[in-house]
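The next block holds one structure in the form of structure tokens; read it before the comments.
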Amino acid sequence: MMALVPRSLAFDLTRAEVLATGNVVPDPARCVQCGICSYNCPLGLDVRAYAWRDEPIADAHCLTCGQCVARCPRGALRFAPTAAQKRGGC
């Protein structure tokens, strides 16, 4: 069935699912506060500050593009389901 969906639309559907169901979550024990995550954020979010506070990046402007996750040299960031999804909500 996926072959019938245009490639660009398939990407958007996947991205929409991520936006609706997940956040970027830091592991402060692995974070060395280098700032590479914040530097690579296309919207200029201070991802490093979220890691410092051990909080998921729940900023409404976060695109969940994954640049911070991909660029972190220590693997301190990951995608995780939101609390609503863990409970089985929407």
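Side notes on the structure shown:
- Residue within region 38-46 that is touching a strand residue (DSSP E or B) at 6+ places or on another chain (Cβ under 8 Å) and part of a helix (DSSP H, G or I) present: no
- Yes/no for residue 59 being under 13 Å from residue 26 (Cα atoms) and either among the aliphatic types (A, V, I, L, M) or without any contact (Cβ under 8 Å) to a residue 40 or more places away in the chain (or both): no
The numbers here are math on the coordinates, done by the rules we state, and not lab data. Values in this document were obtained by computation on a predicted structure and should not be read as measured data. Quick reminder, even Gly has a Cβ in these numbers, built from the backbone with ideal geometry, and neighbours come from all protein chains shown.
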